[in-house]
Amino acid sequence: MRIVYTDVLVIGGGLAGLRMGIGAKRRGHDVIILSLVPAKRSHSKAAQGGMQASLGNVIKGQGDNEDVHFEDTVRGSDWGADQRVVRMFVNTAPKAVRELAAWGVPWSRVRKGDRQVIINGQKVTITERDEAHGLMAQRDFGGTKKWRTCYVSDGTGHAMITVMADQAIAASIPVHERTEALALIHDGGRCYGAVVRDLITGELIAYVAKATAIATGGAGVLYRVTTNAVICEGIGHAIALETGVAALGNMEAVQFHPTGIFPAGILVTEGCRGDGGLLKDVDGHRFMPDYEPEKKELASRDVVSRRMEEHLAKGKGAKNRFGEHLWLDITLLGEHHIKHNLREVHEICHYFLGVDPAKEWIPVRPAQHYTMGGVRTNSTGESPTLKGLFAAGEAACWDMHGFNRLGGNSVAETVVAGMIVGEFIGDFCDRSENTVNIPTAVVQGYLVREQAKLDTMLNGRGTESAVELRVAMQQLMTAKVGIFRRGKDLEEAVDELQRLLVRSRNIGVRYRAGGANPELVAAYRTQKMLKLALTVAYGALVRTESRGAHYREDYPRRNDAEWLKRTLARWPNEQDTLPTLTYEALDVKTMELPPGWRGYGTRDYIDHLDTPARQKEVDTIKANLVSADRFAVQQALMPYEGLLPGRFRGRNERIDERF
Amino acid sequence: MADETAHRKLTLDILRYNPQDPDTAPRMQRYELEEADSMTLFIALNEIREKQDASLQFDFVCRAGICGSCGMMINGRPGLACRTLTEQLGTEITLAPLPVFELIGDLSVNTGKWMRHMSERLATWVHMKTADVDLTRIEEGMDPALAEQIYLLDRCIECGCCIAACGTARMREDFVGAAGLNRLARFRLDPRDTRDDAAYYELIGDDSGVFGCMSLLACHDVCPKDLPLQTQIAFLRRKMVVRGLK
């Protein structure tokens, strides 16, 4: 039995995991990071378009600040977000992007003077200020009032994770590559680490830690068509779920990105539309203004994806040998712009489609893109129900995205949450009562249990094929738990997924080596993924309203009166075939921005009982403080700064906001 | 709408070896499959593993040409499998793991371990003037053209193709290769890094560094990101010669 002891065990080597690890290490704690793949190959790398932070350097970002970023994010979430967490996020995002700048990320910079851009299909000349020259540039993205997305050409995530992973190396943090956590070790109230499988040798090792942090990213591979990397299977979500103690929040909230290339589903960035690209149909008609006169192509992703599918359903799709799709036209941006600011897009189109996007249109169709749901945490990043378990980034439900995430807010969240949660992990490990005193017999029990599960698959008489079950699950999720959802489809999906789950308990593998065995890996992951798929499908079935990315054709209205609450899913018994759902109400009475119309999408919603009173209260507070500065108004509406770690408090300087 | 043109029959000869299993010896194994529209080696290899041979090892992550996981020898030449379309190859395709790197099994090699070692050895991070930056203040400015130039060198995905194609790397285990030299060229450009040529000379001023390069420059030819490795290595060598003569 091998047991590795450390202060902090971080599961996941993407941006969130690395930043948490760096934070905890700087606080003097030993850290080990586990990663399925070399850290720099994590899916964080695939973020193309950029990271939102309200710097307001470019002229089209002038006037941007935390308040505007806050409102955009809450509206984007369709009021599903925790507004205090959104405030923590928007105040830390400028610090995060500036920290990365100091660490070496080659952010694209503002050049003073005139430049030509495309806005709403038209060539427009804008003039950048002299004092902005050389500062970080921002581009336009969906669902935002200002140009706020800081970027490195269209390789933003690549540049960020290269720097972050090198910072982890500089801090001498060991990254145990090609390892996978199979189960969390806990006693029903306190998490003590994880049982980890070495993917090269097959050995199981127990890692025992004061604090365990999940940062394993999303679960896109539950779906047949996804922009996610093949490692985004949601196993981090699943091992938290399997504790029966920690809960997953809002798993039914799944984002579909409007522009996956068709049919492979590989992402081309929202920056294409942010920079002026247009969506067109079979007739070459630009259809988005017909549906969304306010924001057109740059409404939030949930809205644009729905409008695209709606337009396809009207028979307006173009056809190729793989099926129906729409077109993304970026030819109007010109070859120079594409080759400098959209290089990855250019490469992807060239290699996968044989298309030159400077001359031809790109075939696109919405594809699964982002998992808003995750391990439910409080604002410190810790599970409220399983002490010592933390989570950050896409794997967490912190919850700043609610039911729809804005483009550019995810890479921002990874780093911001990594900074904040890393500090709270530091605090947690500092406290003497959090030392670990778990008997090794308990640890051994976990190792034996997990080894037995693998042995059953390797040596037992299981007859089911993991590949077959997985393909069936992916088909069901894409067909019945997709962009448009109906009660009948969801019921069928839940029934069928339950059958697949039961069958998955009888998976056998043909290739019986215990070491690096890709078939065994697929087998145990498929069992976990089916549980996760059920939390998504069942949560979607029970939520009889439409909110953000969760759209029910049979319940098309957002219903704040009954559904302004967060879904919590637990899996208390291994033999269960459905998660146990409970709900956590969002308190309108403390909201800085009470629920209303998002500014795009349908205007039809049912108010919460408390909304009118709170709105009146908010209006009164604002009226009484007309002469006060914006910080005083914010403080009066919803104080939050005490929630931030001390080192990340404080205002953010801008060209137009000096102090 | 099904494609009506007949599909080719592809033959994939794959170098198989599992170092974890001492009883096996390296061997070539042949797989046959029908080509599909827009088939990449990512699709082909997964189809083989799902339908023919569950034991076959290979690595993919992003399957979009940006993460660098899937470097392998494709008909004898290092390249990214995920974005290689089978239609660009003949019907007989030979796949082998990248040389130089530690073999994990079949087509899977431990590039991560190699790259981590290279990063530690060359200290591939910005050596800042002060450790603590005031994050509430406006960031330091940088010339826009310089930022783009740094990014161009920063586009390396550490796939290992340049190392696999390198004559010196085959002979010297400690050679930092084009991947390493390009990293230092990137930091040398970066005004945020306080290191000077004397410091860089300490890191690469010998045969394990820039003077180990024999100028065969296959690295430049096989780089999937078209990094300007030839000019960067030549430039770095010139600077290091100047430094060495001081």
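The values are calculated or read from the model by the stated rules, or taken from the named source; none is laboratory data. Everything quoted here is computed from the prediction, not taken from an experiment. We place every Cβ from the backbone using ideal geometry, glycine too, and count neighbours over all the protein chains shown. These accessible areas exclude ligands, DNA and RNA; they are computed on the full protein's heavy atoms, side chains included. Shrake-Rupley method; radii C 1.70, N 1.55, O 1.52, S 1.80 Å.
Quick grid of which residues meet (1) within 14 Å of another protein chain (Cβ to nearest Cβ); (2) open to solvent by 10 Å² or more (accessible area, probe 1.4 Å):
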position: A:Leu222; (1), (2): no, no
position: A:Gly265; (1), (2): yes, no
position: A:Leu278; (1), (2): no, yes
position: A:Gly284; (1), (2): no, yes
Seminar exercise, completed: Picking from B:Glu92, B:Glu158, the residue that is of a type in the set (Asp, Glu), buried (at least 23 other Cβ atoms within 10 Å of the Cβ) and modelled with pLDDT of 95 or more would be B:Glu158
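For every residue, the table says whether it meets (1) modelled with pLDDT of 95 or more; (2) in a loop (DSSP other than H, G, I, E, B); (3) closer than 19 Å to A:Ala522 by Cα.
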| site | (1), (2), (3) |
| --- | --- |
| B:Met28 | yes, no, no |
| B:Tyr31 | yes, no, no |
| B:Ala36 | no, yes, no |
| B:Ala44 | yes, no, yes |
| B:Glu50 | no, no, yes |
| B:Phe58 | yes, yes, yes |
| B:Val61 | yes, yes, yes |
| B:Ser69 | yes, yes, yes |
Exercise. If we only count helices (runs of 4 or more DSSP H) wholly inside the stretch B:130-194, which ones have 2 or more residues that are out of contact with any Leu (no Cβ under 9 Å at 6 or more places or on another chain) and facing another protein chain (nearest Cβ under 7 Å)?
Worked result: B:144-154
For this session: Could you list all residues from the stretch A:95-122 that are more than 7 Å from every other protein chain (Cβ to nearest Cβ), assigned to a loop (DSSP other than H, G, I, E, B) and at positive phi?
Result: A:Asn120, A:Gly121
Exercise. Within the stretch B:224-239, can one find any residue that is buried (at least 21 other Cβ atoms within 10 Å of the Cβ) and within 30 Å of A:Arg647 (Cα to Cα)?
Worked result: no
Exercise. Which of the strands (runs of 3 or more DSSP E) contained wholly in the stretch A:192-289 include at least 2 residues that are over 23 Å from A:His550 (Cα atoms)?
Worked result: A:204-214, A:278-280
For this session: Scan the stretch A:296-304 and give yes if some residue there is open to solvent by less than 20 Å² (accessible area, probe 1.4 Å) and assigned to a loop (DSSP other than H, G, I, E, B), otherwise no.
Result: yes
Exercise. Which members of the stretch B:75-89 meet the condition of being more than 17 Å from A:Gly354 (Cβ to Cβ) and open to solvent by 20 Å² or more (accessible area, probe 1.4 Å)?
Worked result: B:Asn75, B:Gly76, B:Arg77
Exercise. Out of curiosity, is A:Leu34 in contact (Cβ under 8 Å) with a residue 60 or more places away in the chain, open to solvent by less than 10 Å² (accessible area, probe 1.4 Å) and touching a His at 6+ places or on another chain (Cβ under 6 Å)?
Worked result: yes
Exercise. When both residues are 6+ apart or on different chains and their Cβ atoms are under 9 Å apart, which pairs have a first residue that lies in the stretch A:262-277 and is farther than 11 Å from A:Gly50 by Cβ, and a second that is aromatic (Phe, Trp, Tyr) and crowded, with 24+ Cβ neighbours inside 10 Å?
Worked result: A:Gly265/A:Tyr223; A:Arg273/A:Phe141
For this session: Give the residue that is nearest to the chain's Cα centre (by Cα), with candidates limited to residues of the stretch B:36-73 that are more than 8 Å from chain A (Cβ to nearest Cβ), more than 18 Å from A:Pro518 (Cα to Cα) and open to solvent by 20 Å² or more (accessible area, probe 1.4 Å).
Result: B:Met73
For this session: Considering every residue within the stretch A:648-659, establish whether at least one is assigned to a helix (DSSP H, G or I), among the basic types (Lys, Arg) and farther than 30 Å from A:Asp489 by Cα.
Result: no
Seminar exercise, completed: The lone condition A:Asp576 fails out of (1) in contact (Cβ under 8 Å) with a residue 40 or more places away in the chain; (2) farther than 20 Å from A:Asp302 by Cβ is (1)
Seminar exercise, completed: Checked A:Val31, A:Val58 against criteria (within 25 Å of B:Val61 (Cβ to Cβ), more than 8 Å from chain B (Cβ to nearest Cβ) and touching a Lys or Arg at 6+ places or on another chain (Cβ under 9 Å)); the one match is A:Val31
Exercise. In the stretch A:144-178, how many are more than 9 Å from every other protein chain (Cβ to nearest Cβ), touching a Leu at 6+ places or on another chain (Cβ under 8 Å) and crowded, with 23+ Cβ neighbours inside 10 Å?
Worked result: 8
Exercise. What's the number of the condition A:Pro595 fails, among (1) open to solvent by less than 60 Å² (accessible area, probe 1.4 Å); (2) within 14 Å of another protein chain (Cβ to nearest Cβ)?
Worked result: (2)
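To keep it simple, each residue is scored yes or no on (1) of a type in the set (Asp, Glu); (2) open to solvent by less than 60 Å² (accessible area, probe 1.4 Å); (3) touching a Ser or Thr at 6+ places or on another chain (Cβ under 6 Å); (4) within 14 Å of chain B (Cβ to nearest Cβ).
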| position | (1), (2), (3), (4) |
| --- | --- |
| A:Glu309 | yes, yes, no, no |
| A:Lys316 | no, no, no, no |
| A:Gly323 | no, yes, no, yes |
| A:Thr331 | no, yes, no, no |
| A:Leu342 | no, yes, no, yes |
| A:Cys349 | no, yes, no, yes |
| A:Leu353 | no, yes, no, yes |
Exercise. Any idea which of A:Gly515, A:Gly548, A:Gly539 is open to solvent by less than 30 Å² (accessible area, probe 1.4 Å) and more than 30 Å from A:Ser77 (Cα to Cα)?
Worked result: A:Gly515
Seminar exercise, completed: Scanning the stretch B:196-240 residue by residue, those touching a helix residue (DSSP H, G or I) at 6+ places or on another chain (Cβ under 8 Å), more than 30 Å from B:Thr84 (Cβ to Cβ) and among the aliphatic types (A, V, I, L, M) turn out to be B:Ala198, B:Leu203, B:Ile204, B:Val210, B:Leu236, B:Met240
